[in-house]
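Structure first, commentary second.
Any read-out appearing in this document is the output of simple, stated calculations on the displayed coordinates, not a laboratory observation. Not measured: the values here are computed from a predicted model. Counting neighbours? That spans all protein chains shown, and the Cβs are built from the backbone with ideal geometry, glycine included.
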Amino acid sequence: MQSKKRKVAIIWSGTIKDTSVLDADEVVIFQDIGVDDVNTVLGHLDFGNISAVICAPGIAAEIRPLIPVPLIVSYPTYIDILETIQYAELALKITNQKFALVLHEQNRIHEDRLAYFVHNAVDLYHYRTKSDLRGLLAREAFREYALIIGGPTAVRMAKFMNFNAVQIIYREEALQSAYEKTRELLNLMDKEILNMGRLRTVLDIIPDGIIETDVNGVIRMCNRNALSMLGLSGDQVLGADICDLTSDNSWMAVLQGDVSQVDQLITYKHNKFFSTRQPIIDGGKTVGLVGILQKASKIQGMESKFRFQQNKGMVATYSFDDVVSESPVMQEIIERAKIYAQYDTTILLEGETGTGKEIFAQSIHNAGSKKHGPFVAINCATLTETLLESELMGYDEGAFTGARRGGKPGLFERAHKGTIFLDEINQLPPSLQGKLLRVIQEKSVMHVGGDSVIPVDVRIIAATNENLKKKVADQTLRSDLYYRRNVLSIVLPPLRERREDIEKLMLFFVQRFDDGAGSANRHVQTMLKLVEGYTWPGNIRELQNFVERYMILRDRVDHLDKHFFQELFNEAPASTPKSADVDAPGILTVRIGNLENMTTSLIREMVRHCGGNKSRAALMLDVSRNTIHQRLRSDAAIDGARAKPDFCP
């Protein structure tokens, strides 16, 4: 960075023989200046143009408190003193006499280092103030000195008191050295000013208000947004006490107790702000604080936006910590899923309805490298083929009747840098299977009605509740899509294969009703007795629904009857059997026929054997209760149709 020219004032205590070593455009010089001349000289300077002042040590104490710019002190060297003494010895022809060297106390000169180079004895005296100097020269002993050597103030006073006196002769090299030192300092200041300007720009674009104080709570800095929030100007804020300004004394706890405060709610001019304060520590001591102001209304708006994003299904809320299980098989599956999560490879989740496939999909997303990206979920079975394609791939304007103006990005685009979860992938129409395969292979999509390829970086997690190999064999699923998608596979077991988790899941769902720990455990034990041996064909989702219905109707548990049980299971069983206590059905009579009719007949006979208890019959046949219900309903419909006369309309 090229340094810019800065004007420097040199207020010198001696005579400068040669000023050619200095740049006349950058320097203004005053020579032979003593203490009495300081005010007059400073009155001639325009500090709007002066960047620094150079002076000798004898007048530095008078100048420093009167100027608003840096002061650089140039001390006389041994060479300057020796040349002045040699001048006196040769020009004044003084030999074998005593010289008094009178210097301000800030001069770092020792007389014993001069003795070897001079022919006269030299005694060194220091003074602090003009009064000290007057008392020093008034001593009777000073009458024996042939010559007094010093700066302008000392020499003037000595001559006034009738002493022979000579002013120190400063070399141009000493002055040039001080001038170069000053220029380096000004260059550093320019860089510091530039950095401060950059910092100020950064602070001003931060949307929050930022305030910094000293250890007494006096505001030293604030950004533009802080002034806007407070409705004040910089002159009103800078230098003000933070507690008085905000009418909030809690700021002092940060300064006096070295503690941080997070999200302190304060009210200022009928506006509410959240304030976070942090002490500034230097050398183990608190030297100030920095505070951040945030409008409460803005935070409320951010929360609303966050909720909106959640409602749009763009955020994964579950993690592996939310999986309630203690069975060894599930623990092994969780550990495997955590390993899979570290890679962006396509994952296939297999399992019956209600086994928790979406929770695993969200957990894998939140444990992977794309956790900061969106999580987009879609159920492939809920949309028509045409609508599903436009939702997945997006469409251009005019692609079809009713298309949104400007088109619409598809779910793959919205999931860019994140994860897309395709639930019930087994229901994907054949026409879309090839397009999905192309997305997986080429990592790009094309809008419906579009002609350009859009690259996407998306992790794909698919889920199915059917056997995909069977669908491949039935030629309802493309084999290349199956093998391309089934790189990493996780099979979630049904609840009947992890029965050790039932009690823990019940307790988890019961606790949502905020019952105490004792009553929650009591309810769980009661429910376990009610459903002992039940196979839970609806898996965790059915278990959750059962627990919720039980908790709503729990006050009737002590009066348990078949109607209550019917409300829990939508059934009216004669009893709730244990799987180990189910009696063998003995001999059931089934009429020979096709497989469909024989299956229905067997189910009807088993229900009759169980006294009409469909749940007991389902347990005996190891099928779901829904299967029993659907078979009997279909059979009843056929029997009803046969019973109608031909002339019935």
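Annotation: the residues Asp80, Asp258, Asp474, sorted from fewest to most other C-beta atoms within 10 Å of their own C-beta, follow the order Asp474, Asp258, Asp80. Pairs from the list Lys470/Lys504; Lys357/Lys614; Lys471/Lys504; Lys357/Lys504; Lys7/Lys285; Lys191/Lys371 with a Cα-Cα gap above 30 Å: Lys470/Lys504; Lys471/Lys504; Lys7/Lys285; Lys191/Lys371.
Taking a point 7 Å out from the Cα of Glu548 in the direction of its Cβ, none of the residues of the range 343-368 has a backbone N less than 12 Å from it. Out of the GluC sites (Glu not before Pro) in the range 92-159, which ones are loop residues according to DSSP with at most 14 other C-beta atoms within 10 Å? Passing sites in the range 92-159 are Glu105.
Computed over the range 320-493, relative contact order equals 32 percent, with contacts defined as Cα pairs under 8 Å that lie 6+ residues apart.
Packing order of peptides 365-375, 265-275, highest average first: 365-375, 265-275 (average count of other Cβ atoms within 10 Å over each peptide's residues). With r as the distance between the Cβ atoms of Leu238 and Ile193 and R0 = 22 Å, compute the FRET efficiency 1/(1 + (r/R0)^6) and round to 0.05. That pair, Ile193 with Leu238, gives E of 0.80. Under a model in which nothing but the beta-carbon of Lys, Arg (+1) and Asp, Glu (-1) is charged, the range 119-204 shows a dipole of about 300 debye around its Cα centre. In the range 78-169 the Cα-Cα distances spread across 10 Å bins starting at 0 as 17, 57, 26, 1 percent of all pairs. Shown for Leu194, Leu437, Leu505: other C-beta atoms within 10 Å of each C-beta, ranked fewest to most, produce the order Leu194, Leu437, Leu505. Enumerate by residue number the trypsin sites (Lys or Arg not before Pro) in the range 110-150 meeting two conditions: DSSP loop (anything except H, G, I, E, B), and at most 15 other Cβ atoms within 10 Å of the site's Cβ. Sparse-neighbourhood loop trypsin sites (Lys or Arg not before Pro): Arg128, Arg139. Here's how it looks for Ser489: its modeled amide H is under 5 Å from those of Leu348, which are all 5 or more places away or on a different chain.
Three semi-axes describe the equivalent ellipsoid of the range 414-541; taken as square roots of 5 times the Cα gyration tensor eigenvalues and ordered largest first, they are 42, 19, 11 Å. Between Asn613 and Ala574, the built amide H atoms are under 5 Å apart, and every one of these is 5 or more places off in sequence or on another chain.
Considering only the Cα atoms of the range 320-493, their convex hull presents on average a projected area of 10.2 nm². In order along the range 73-84, phi translates into HN-Hα couplings of 9, 10, 8, x, 9, 4, 5, 4, 5, 5, 5, 5 Hz, rounded to whole numbers, per the Karplus curve 6.51 cos²θ - 1.76 cosθ + 1.60 with θ = phi - 60° and x for Gly and Pro. Near Tyr125, the amide H atoms lying under 5 Å from its own belong to Leu101, Val102, Leu103; only residues 5 or more places off or on other chains count, and H is placed 1.01 Å from N. Remark: the Gln630-Ile592 segment gains 11.5 nm on full extension, using 0.36 nm per residue and subtracting the alpha carbon distance.
Sorting Met196, Met157, Met606, Met189 from the fewest to the most surrounding beta carbons within 10 angstrom yields Met196, Met189, Met606, Met157. Which chymotrypsin sites (Phe, Trp or Tyr not before Pro) does the range 311-346 hold that lie in a coil by DSSP with at most 16 other beta carbons within 10 Å? Loop-located and lightly packed - Tyr343.
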